[in-house]
Amino acid sequence: MTADHQVLALLLFSGFVAVTLGITTWVSRRRHGSAEEFYAGGRLFSPMENGFAIAGDYMSAASFLGIAGLIALYGYDGLLYSVGFLVAWLVVLFLVAELVRNCGRFTLADVVAARMRERPVRIAAGTSSVMVSVLYLVAQMVGAGSLVALLLGRTSGAARVWAVIGVGALMVIYVSLGGMRATTWIQIVKAVLLLTGTVVLTVLVLVRFHGDVDRLLLTAAERSGHGKAFLAPGLKYGGDWTARFDFISLGLALVLGTAGLPHILSRFYTVPTARAARRSVVWSIGLIGSFYLMTIVLGFGAAAVVGPRVVSASNAAGNTAVPLLALDLGGGAGSTGGTVLFAVVAAVAFATILAVVAGITLASSASVAHDLYASLRRSRGSARSEVAVARWAAVGIGLVAIALGLLARDLNVAFLVGLAFAVAASANLPVLLYSLFWRGFTTRGAVWAVYGGLFPAIGLVLLSPVVSGSPDSLFPGVDFQYFPLENPGIVSIPLGFLAGWLGTVTSDEVADEAKYAETEVRSLTGAGAV
Amino acid sequence: MQSSNDRPCGAGGGPESSAGKQEDHGAPARDVTYGDPWYDELASGWGELDGTGMPAPSVPPARDEPGPAAARARDVYVQVQRSQAFQEVRGRYRRFVVPGAAAFLIWYVGYVVAATAAPGLMARPVAGAVNVAMLAGLGQFLTTFVLAWAYARHARLRRDRPALDLRWDTQELARGAQRGAL
């Protein structure tokens, strides 16, 4: 890419960083240091604001660049991804959002621990939440490094290292100084930027084809070299049965995992009531759904306008499809319009990564301080010191994420996002649903449900082709691959549910009827909710 | 999609409307001064610390040997759970959510399985460039939007009002149980 792109993209990105740092300073002006403020932003966001923030939290660079790129390269199979990411929100809306808002305070563990013996349950749920967050965070950090290399055309190692360190430092500043309030506003700003950018590009693609979607699809199919097969499933996941099962497994993890993602659950506590939580989810379904519909247009647009050959020559995974499309739509390389659009897309992608990592860091620092630290410490500290712990936990998680991001920077970590969803679906969702809906659920059941989903999910990935035994794995030299699928969801999600059931039926403890009554009444009416 | 959710909410949309609700309860409720209900102390502790670092005063000192206040507060929830009004709210919630969730999960899993196992069927052309797979994919988007809208509407019209009444009654009962025990 030319120097103009780089300068303009860097300027726009610096502008975003300046604005977000301004927001952080502004919201931390009148800081009280209460837990309510740090974890939940004072619970005073409106449903619309929270809806935008949820969308900003959820739409990662992987979906903006990755899904459009997959569609540009493999046609219809890229679209399968976005469907899973969207339908998952119905699980959140129907079964989780309102009930969790009504009976928790800050984290997933609050909901489960209320019915159970607190310590073991909190430690289990806190551990799995931190695990999910760290997996997701490392994927985003490595993604940030590659994005810099791709968009600024600097493939040198130093640029990647500085990108990872820079993103890590910024997210630590946002979270530890600004807490939930700063994080939420950054996500809102990012969601608006991302949606505006996507709308502009989509309109330009449609204008290019005079609004004729049929012709857009036919041109894409023709240029892809696959003909009509480009518009039907099968190009990427249609190989042998292992590949097909792998996709079904990923599909299950996507649709069930969202409801167990700690950074999504913590967003429901930023609004005053369950009703507001419901309305924010409806907002976010509208925003996320329209966003994915537009990425479909962008993906097929990139195939039709740029062509899959050019896209895959620039980046084998297709991540540059949207930037290349923007360059072409603006008037081609060297034109002012092309330069501006390319720089805007690059800056939006950076903004996206920053907002997403800030949300995850905040959620995991809440799990560390509110669940793990609060259960493990001997003497009871004050709530104020818990917030101080959370701020330091954000710093610690930032350092861990930077270190892992640097270690993994040359590895293909695209599987980590799918894995984070699989762990969330196997370890967090069963325990959450059982505690909300199962009268007889016990402490042992809760602990087993978490570990019974967490360990199989992680273990199966360690034994899978992503770690060893194939040319693309992390350690291609060795072979301890015993599990054929890359995504463990199809096995580990049922195991999580099974372990929760087994733990409950084998424990001597009789579930406390009154506690269940309390959970049920609270979750459906909001009585006693904070 | 969003138009139905933009409406200014009725009862239960925020602290202001709850304050209004408090007045509806008439004389018996007036002697109880609720502050801002969202920041009020909990009717019974939820296993959490309050701002001073000590367990919130309403939390039973030990869960194994609940004091009289805690015992009554526990009874309140069992009593509310057995009440006709609560059963009705729960029934309405479940009657919508269980079939709804089953329907969209089956529809989604069916879609993913068909896309991976029966690509021939999915590739069948319908009109122009549009084939069965395109229609099914867009259908997933459409059903998601429609179900989200239907759920929000069902909850707003059929559940919100009785749930809010129950919330208030429960909190009052819990408060009464605690005061009686002190």
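The calculated 222 nm mean residue ellipticity attributable to helices in the protein assembly as shown amounts to -22500 deg cm²/dmol, summing -39500 (n - 2.57) over DSSP H runs of n ≥ 4 and dividing by all residues.
Comparing the range A:200-324 with the 2.2 N^0.38 Å rule of thumb, its C-alpha radius of gyration ratio is 1.33 (two decimals). Whole-percent P(r), the range A:263-408, all Cα pairs, 5 Å bins from 0: 2, 8, 11, 13, 14, 12, 13, 11, 8, 5, 3, 2, 1, 0. Phi-derived couplings, Karplus 6.51 cos²θ - 1.76 cosθ + 1.60 at θ = phi - 60°, listed residue by residue for the range A:226-231: 9, x, 4, 4, 5, 8 Hz, with x used for Gly and Pro.
The Cα-based radius of gyration and maximum Cα-Cα distance (Dmax) for the range A:401-510 are 16.3, 51 Å. What you get for the range A:193-285, charging only the Cβ of Lys and Arg (+1) and of Asp and Glu (-1), is a dipole of about 360 debye around the Cα centre.
Rg/Rh for the range A:65-218 stands at 1.04; both radii use Cα atoms, and Rh follows the Kirkwood definition. Each residue of the range A:451-457 was assigned a 3J(HN,Hα) from its phi angle through the Karplus expression (A = 6.51, B = -1.76, C = 1.60, θ = phi - 60°), giving 5, x, x, 5, 5, x, 4 Hz with x at Gly and Pro. The long axis of helix A:336-366 is offset from the longest Cα principal axis of chain A by roughly 10 degrees. Note on A:Arg119 and A:Leu474: their simple-model spin labels are 3.3 nm apart, each label 7 Å out from Cα toward Cβ. Put simply, the amide H of B:Asn131, placed in the peptide plane, has neighbours under 5 Å in B:Val126, leaving out anything fewer than 5 places away on its chain. Shielding by partners for peptide A:82-91, expressed as the average number of C-beta atoms from other protein chains within 10 Å of each residue's C-beta, is 6.
Each Lys or Arg adds one and each Asp or Glu takes one away; over the other residues whose Cβ falls under 12 Å from the Cβ of B:Ala129, this sums to -1. Remark: mean inter-chain Cβ contacts per residue of B:164-175 equal 4, using a 10 Å Cβ-Cβ cutoff to other protein chain atoms.
Cα centroid separation, the range B:142-176 to the range A:105-153: 30 Å.
Take each residue in B:77-84, count the other chain C-beta atoms within 10 Å of its C-beta, and the mean is 5. When each of the peptides A:513-526, B:79-92, A:271-284 is scored by the mean number of other C-beta atoms lying within 10 Å of its residues, the order from highest to lowest reads A:271-284, A:513-526, B:79-92. Think of the protein assembly as shown as a dipole: +1 on every Lys or Arg Cβ, -1 on every Asp or Glu Cβ, centred on the Cα centre; then among A:Val148, A:Phe209, A:Cys103, A:Cys103 lies furthest on the positive end.
Grouping the Cα pair distances of the range A:36-410 into 20 Å bins from zero gives a pair-distance distribution of 29, 56, 15, 0 percent in increasing distance order.
To the nearest ten degrees, helix A:241-257 and the longest principal axis of the Cα atoms of chain A are 60 degrees apart. Tell me the angle of helix A:118-152 to the major Cα principal axis of chain A, expressed in degrees between 0 and 90 and rounded to the nearest ten. So the inclination is approximately 10 degrees. Per the Cα gyration tensor, the protein assembly as shown maps to an equivalent ellipsoid with semi-axes of 43, 27, 25 Å, ordered largest to smallest.
Placing dummy labels 7 Å off each Cα toward the beta-carbon, the span from B:Val113 to A:Ala243 is 2.2 nm.
The P(r) of the range A:3-116 has a tail past 20 Å containing 65 percent of all C-alpha pairs.
Protection proxy ranking for B:121-133, A:468-480, B:158-170, A:197-209, using the average of other Cβ atoms within 10 Å per residue and placing the highest first: B:158-170, A:197-209, B:121-133, A:468-480.
Bear in mind that the values in this text are calculations on the coordinates, not laboratory data. Here the structure is a predicted model, which is why all the values come from computation and not from measurement. Ideal geometry is used to build each Cβ from the backbone, glycine not excepted, and the neighbour counts take in all protein chains shown.
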